[in-house]
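Student: Dropping the structure in here first, questions after.
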Amino acid sequence: MLRFAALLLASAAVPVAVPAVAADHHASAASEAERLTAWFDEKFEEELAFSPIRQTALGRRTDYDKIDDFSDAAIDRQLAWRRAAVAEMRANFDHDVLPADAQLSWQMFEWRLEQAEQYARYRDRMYILHQMNGTHTQLPSFLISQHAVEGDSDMQAFIARVGAIGRAMDQLLARVQANAVRDVRPPQFAYDAVIDESRKLTSGAPFDGEGDSALWEAGTAHIAALRESGTIDAMRADALRNELRHALLMQMGPAYRRLADWFEADRPNADTEARGVWALDEGRAYYQNRLAAMTTTELTAEEIHDIGLSEVVRIRGEMEAIKEQVGFDGTLEEFFAFMREDDRFYFSNDDAGAEDYIEAAEQHLAFINRRLPDFFGVLPKADLVVKRVEPFREQDGAAQHYRPGTPDGSRPGVYYAHLSDMRAMPIPALEVIAYHEGNPGHHMQNSIAQELEGVPNFRSQGEYISAFGEGWALYSELLAKEMGAYEDPYSDFGRLTTEMWRAIRLVVDTGIHSKGWSEQEAIDYFLANSPMPETTVRSEVRRYIVWPGQATAYKIGMIKIQDLRAMAERELGDDFDIRGFHDTVLGGGPVPLGILDKRVRQWVAAMKAD
């Protein structure tokens, strides 16, 4: 799972450029496309000015001492900018004379405005902070992992950002409180996570408690490195430490205490028994809105539920076949219990086991990297590393996730694993998760997008689209089998387990948010159809409760990519080129599924014309 979009909310107003001279409607398609691409890139720079965090994520040092504005007013400012930008595009360019790919860019630009409009329409129904890698943990993690310190000015910027986190927490708390007035609250388990994580971030030096707090540890390590390299002297190092201490004690720390104190005081008002968003005012409309945003389709909750039920039946059949292959004498449910409970399927539940997990993931990724040239014409240049999640945000049984590197390759992509409970990390699923988060999954898709040439920057380096990104990563799990992975039948069962997991999501997410399922009903359905450990299952179900619709993106996206490949194979016959197909899917950057359909069909038509 790819996580960074939560940090990319609006930050500050920027001026809208003066409209260009009206397009000559007789201009050639090529010149009009070139002019439009240049305009798109100007707009990307304007848009990027809203988000210092995004600038850093892309490897830039602009606004290096700032973080985003997380207020409702900032969201409104960015929405106004999007409306003006689309109006400017329509007024100054001729869509009809553009070549096909430029028309897709046009449609993408309009589509992004539609998404922003829908987000703004229902933002007062959303759970702002919760256990799913919320902004309260993402901001410290961002500073620790992405803010490079190479000199005194970088360290000053780091300290300024530590202080600015306090302002961001107050802005987010204001939104949480406003939604609570409307009785929009996540369940108590989400409150508990926010309280616990906030306390962890303000425990240890220079706060109370033993050890060092996460940002103090990271900041003092940067200062020590600068001192060791001779970049600063001892007096300057002391001064920087004092400035960091002040930012933590006087700006960030008090804001996190206000956040935790409010969540503790309001906790009795939250539901002890989790309910879906159907229970909110306009909840069903809001849920359909989230399904449309996450799947980029018009599928209804009922249709998605039925697709999930059908997929669960199909995958159970494939699981039965592997159960028979390994000679297990018992029912599939008994095989699930065997896979959950047998010690052979787990590393030791300690730091040594966590290290074993990371080493095994690296070995599987090394194998698949050797096979990539046979299936892709375009390969990623960026490196990938596997890391354990930082202690302050690590959760038992939580899903692994990926964080992109920079377009210039100066910072690698990172596959993060939650390894605090190794009994929630079965070995049979290790291989498939590595392919999903790394290559040929998230790392490959995102790196190729960032490295694209000849497409507008808003497409190559723009916003994440769940149905495309997660659909590709899930498709990659099965693709890895074609590439020679999963030689151990238990690992192949692990692959089926993760595909079943995504099929179950279609059933459970819609069950919770449109059919009134309880948390326990969702857990029971999950356990009846998967060998995943109960700790992981409970974490997953709670994820769906606070993040409605997101989990449906994976299987819907995968099915679309599979359908497009089947169409291309059928149309092209012996002329079908797997490398060309994959390059077409990835070669336009992240797109909604409807636009992906157009890209693939255009490629098929071009192949036929040759």
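Student: Could you line up 497, 300, 231, 510 from fewest to most neighbouring Cβ atoms inside 10 Å? Before the final figure, lay out each step's value.
Tutor: On the way: 497 22, 300 14, 231 17, 510 30.
So the ranking, lowest neighbour count to highest, is 300, 231, 497, 510.
Student: Let me ask you something else. For the pairs 555/608; 43/200; 381/481; 515/560, flag any whose C-alpha to C-alpha distance is greater than 28 Å.
Tutor: Cα-Cα > 28 Å for 555/608; 43/200; rest within.
Student: Then there is this: Using only Cα positions of segment 347-420, each an equal point scatterer, no hydration layer, compute I(q)/I(0) via Debye at q = 0.14, 0.15, 0.17, 0.27 Å⁻¹ and quote the log10 values to two decimals.
Tutor: These q points yield log10 I(q)/I(0) values of -0.54, -0.61, -0.75, -1.27.
Student: Among 82-91, 105-114, what's the highest-first ranking by average C-beta atoms within 10 angstrom per residue?
Tutor: Top to bottom by mean Cβ count within 10 Å: 105-114, 82-91.
Student: Let me ask another. Divide, for segment 135-272, the radius of gyration over alpha carbons by 2.2 N^0.38 Å, where N is the residue count.
Tutor: Values: Rg = 16.8 Å, N = 138, 2.2 N^0.38 = 14.3 Å.
Relative to the rule-of-thumb radius for its length, segment 135-272 sits at 1.17.
Student: Per DSSP H run of at least 4 residues, take -39500 (n - 2.57); add these up for the chain, divide by its residues and hand me the 222 nm value, nearest 500 deg cm²/dmol.
Tutor: Rounded to the nearest 500, the figure is -20000 deg cm²/dmol.
Student: Based only on Cα atoms, what mean projected area does the convex hull of segment 449-596 have, in nm²?
Tutor: Reported value for the Cα convex hull: 10.8 nm².
Student: Residue by residue through segment 98-104, which ³J(HN,Hα) values in whole Hz follow from phi under the Karplus form 6.51 cos²θ - 1.76 cosθ + 1.60 (θ = phi - 60°), with glycine and proline marked x?
Tutor: Values per residue, Gly and Pro as x: 6, x, 4, 5, 5, 5, 5 Hz.
Student: Could I ask something else about it? Which of [x] 46, 37, 21; [y] 35, 33, 25; [z] 44, 28, 23 is the computed semi-axes √(5λ) of the Cα gyration tensor in Å for the structure on display?
Tutor: So the structure-derived entry is [y].
Student: Ordered by residue, what ³J(HN,Hα) values in Hz, to whole numbers, does segment 180-189 give under the Karplus form 6.51 cos²θ - 1.76 cosθ + 1.60, where θ = phi - 60° and Gly and Pro are x?
Tutor: Calculated HN-Hα couplings, in order: 5, 4, 8, 6, 9, 9, x, x, 4, 4 Hz.
Student: I'm checking a number: the convex hull volume of the Cα atoms of segment 535-610, normalised per residue, in Å³. What is it?
Tutor: About 108 Å³ per residue, rounded to a whole number.
Student: Neighbour counts of other C-beta atoms within 10 Å: give me 532, 126 arranged from fewest to most.
Tutor: Fewest-to-most Cβ neighbours within 10 Å comes out as 126, 532.
Student: List the residues, sorted by chain then number, that are 5 or more residues from residue 205 or on another chain and whose placed amide H is less than 5 Å from its amide H.
Tutor: 211, 212, 213
Student: Quote the Stokes-Einstein diffusion coefficient, in whole µm² s⁻¹, for segment 313-362, based on the Kirkwood radius over alpha carbon pairs, a temperature of 25 °C and a viscosity of 0.890 mPa s. Walk me through the numbers on the way to the answer.
Tutor: Values: Rh = 12.7 Å.
Estimated via Stokes-Einstein, D reaches 193 µm²/s.
Student: Cut-off is 10 Å between beta-carbons; in what order do 418, 95, 436 appear when sorted fewest neighbours first?
Tutor: Exposure proxy ranking, most exposed first: 95, 418, 436.
Student: Kindly rank 159-165, 234-240 from highest to lowest mean number of other beta carbons found within 10 Å of each residue.
Tutor: 159-165, 234-240
Student: While we're here: How many percent of the alpha carbon pairs in segment 217-283 exceed a separation of 17 Å?
Tutor: Value for segment 217-283: 64 percent of Cα pairs lie more than 17 Å apart.
Student: With just the Cα atoms defining each centre, how far is segment 402-421 from segment 103-152? Give it in Å.
Tutor: 17
Student: Further question on the same structure: Could you give the dipole magnitude of the chain about its Cα centre, charging the beta-carbon of Lys and Arg +1 and that of Asp and Glu -1, in debye to the nearest 20?
Tutor: Values: 64 positive and 99 negative charges, 270 e Å.
Roughly 1300 debye for the chain.
Student: Another one. Out of the DSSP beta bridges found with both residues in segment 284-558, what percent are antiparallel (nearest 5)?
Tutor: Rounded to the nearest five, the antiparallel share is 40 percent.
Student: Related question: Any chance you could check the Cα centroid distance between segment 509-551 and segment 307-347 for me, in angstrom?
Tutor: If we compute the Cα centre of each part, the gap is 19 Å.
Student: If you take every residue apart from residue 433 with its C-beta less than 11 Å away from the C-beta of residue 433, what net charge results, scoring Lys and Arg +1 and Asp and Glu -1?
Tutor: For residues surrounding residue 433, the net value is -2.
Student: May I ask you to evaluate 6.51 cos²θ - 1.76 cosθ + 1.60, the Karplus curve with θ = phi - 60°, for each residue of segment 426-435 and list the ³J(HN,Hα) values in order in whole Hz, giving x for glycine and proline?
Tutor: Running phi through 6.51 cos²θ - 1.76 cosθ + 1.60 with θ = phi - 60° gives x, 5, x, 8, 4, 5, 5, 5, 4, 5 Hz.
None of the figures in this text is laboratory data; all of them are computed from the coordinates on show. Please read all numbers here as calculations on a predicted model, not as lab measurements. All Cβ positions, glycine included, derive from the backbone under ideal geometry; neighbour counts span all protein chains shown.
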